[in-house]
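**Student:** Next up is a structure, given as structure tokens.
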Amino acid sequence: MKRPVLILLLGLAVGTATHLAYFQHREPIGTDTLEGQLAWMRTELGLTDSQFARIKELHQASRPRLQAMSAQVALMQAEFAEFERTRQTTDRVDFLEFARFVETRRDLNQRCLDTTRQLVLASAEVMTPAQRRQFVRIVPTAEPLVETLLN
């Protein structure tokens, strides 16, 4: 009686270990990191090694600027939250200061758009026409640049 139970438990243990190892090995690459996003692009667009290397280089070169702008966006959000807190607690708004804030936010948004547009265009230049068409379909940021990308 002990032998069948032992064989059953051993079979369950081996099956569970095999199941976990298989799914850990086949786990999709996360797209929450630059490496994961680039690996996804490589697979989805069928990029060659040289195309992948160039696009990776472009993304890494733009990363410091994008991170700096991301930090500025976070500061702007905190500043807006402070404006809102002041408005709610004192029921007063410094309209000149708020106008300055809005203008600064508008400039930052434009710089973010321009930087993203430059990165998308530079990446698309590395691709073949078929890859560009696929790129436009899967990358929402590329949509406004369709005419530029496809010509």
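**Student:** Return only the number of the condition from (1) modelled with pLDDT of 90 or more; (2) more than 24 Å from GLU44 (Cβ to Cβ) that ASP114 does not satisfy.
**Tutor:** Looking at each condition in turn, ASP114 falls short on (1).
Matching residues to (1) part of a helix (DSSP H, G or I); (2) among the hydrophobic types (A, V, I, L, M, F, W, C); (3) open to solvent by less than 70 Å² (accessible area, probe 1.4 Å); (4) at pLDDT 85 or above:
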position	(1), (2), (3), (4)
ILE7	yes, yes, no, no
ALA21	yes, yes, yes, no
ASP32	no, no, no, no
LYS56	yes, no, yes, yes
SER62	yes, no, yes, yes
THR89	yes, no, no, yes
THR104	yes, no, yes, yes
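The values are calculated or read from the model by the stated rules, or taken from the named source; none is laboratory data. Only a predicted model underlies this, so the values are computations on that prediction, with no experimental measurement involved. No Cβ is skipped: glycine too gets one built from the backbone with ideal geometry, and neighbour counts run over all protein chains shown. Surface accessibility is based on the protein's heavy atoms, side chains included, excluding ligands, DNA and RNA. Shrake-Rupley method; radii C 1.70, N 1.55, O 1.52, S 1.80 Å.
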